[in-house]
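What follows is a short report on a single structure.
The values are calculated or read from the model by the stated rules, or taken from the named source; none is laboratory data. In this text the structure is predicted, and so the values were computed from the model without any measurement. Please note: Cβ atoms are built from the backbone with ideal geometry, for glycine as well, and neighbour counts cover all protein chains shown.
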Amino acid sequence: MLAEKLHEYLPWWVVKTKPHQEFKAEEALKRQGFNTYCPAIKKEIKQRCQFAIKEQPLFSGYIFIIANDDAKKKIHLIRSTRGVMSILKTGESIISVSPKIIKALKIQESQYLHSVKSYFKPGANVIINQGIYKDTEAIYKMDKGSDRSIVLITLIQKKSLLCVKKHSLIKN
């Protein structure tokens, strides 16, 4: 508990990771006893014809590590950890991030924990690529459940809302 209280006042270092290895680097550093943080968001992605919700780092290519005495003694170990490229520096000085900024990030992350960043943005131009409306341009309005969407199409100079399967849409 005392160590946790002390961490509230210690600065954090920014660790540059190898591409798409933020979570691997964070896990490897944690296994070595370092206190790390990788802010993340839930994002809807399209894989083949399926949509999936994945947790992705908020800052692509970066994680944070608390700059305690142990980390200062083992900088070489941090730099040689799987998934880590380097610790960010300005000249010879390691860049520090205030614990207040990390605390604010954690608060923001907890507020958005249950929300998902949608693959399609409302107002985006899309094309329906299946069914009777194949090759019809539309404007994405909103999700309707996990696998359906509402789009606005114009047919015979009349705008109409249409509910379609989400996987039948592509970005225009």
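Each row is one residue, and each column tells you yes or no for (1) assigned by TED's automatic domain parsing to the domain that holds LEU58; (2) at pLDDT 90 or above; (3) of a type outside the set (A, V, I, L, M); (4) in contact with an Asp or Glu (Cβ under 7 Å, 6 or more places away or on another chain).
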position: ILE87; (1), (2), (3), (4): yes, yes, no, no
position: ILE95; (1), (2), (3), (4): yes, yes, no, no
position: SER98; (1), (2), (3), (4): yes, yes, yes, no
position: ILE101; (1), (2), (3), (4): yes, yes, no, no
position: ALA104; (1), (2), (3), (4): yes, yes, no, no
position: GLN108; (1), (2), (3), (4): yes, no, yes, no
position: GLN111; (1), (2), (3), (4): yes, no, yes, no
position: GLN130; (1), (2), (3), (4): no, no, yes, no
position: TYR133; (1), (2), (3), (4): no, no, yes, no
Let me spell it out: the conditions are (1) more than 30 Å from TYR119 (Cα to Cα); (2) touching a residue at least 12 places away in the same chain (Cβ under 8 Å); (3) surrounded by 12 or more Cβ atoms within 10 Å (Cβ to Cβ), and ARG79 meets all of them except one. Which number is the exception?
(2)
Evaluate the range 50-65: report whether one residue or more is part of a helix (DSSP H, G or I), assigned by TED's automatic domain parsing to the domain that holds VAL15 and within 18 Å of GLU8 (Cβ to Cβ).
no
Any hit, the range 67-83, residues being hydroxyl-bearing (Ser, Thr, Tyr) and closer than 14 Å to PRO39 by Cα
no
Since ARG82 meets every condition but one in (1) outside any helix (DSSP H, G or I); (2) over 22 Å from the mean Cα position of the chain (by Cα); (3) at pLDDT 85 or above; (4) not small (Gly, Ala, Ser), which condition does it not meet?
(2)
Matching residues in the range 54-66 (surrounded by 14 or more Cβ atoms within 10 Å (Cβ to Cβ) and either among the small types (Gly, Ala, Ser) or at pLDDT below 85 (or both)) number 1
Please pick out the residue among PHE34, PHE23 that is out of contact with any Lys or Arg (no Cβ under 9 Å at 6 or more places or on another chain) and surrounded by 15 or more Cβ atoms within 10 Å (Cβ to Cβ).
PHE23
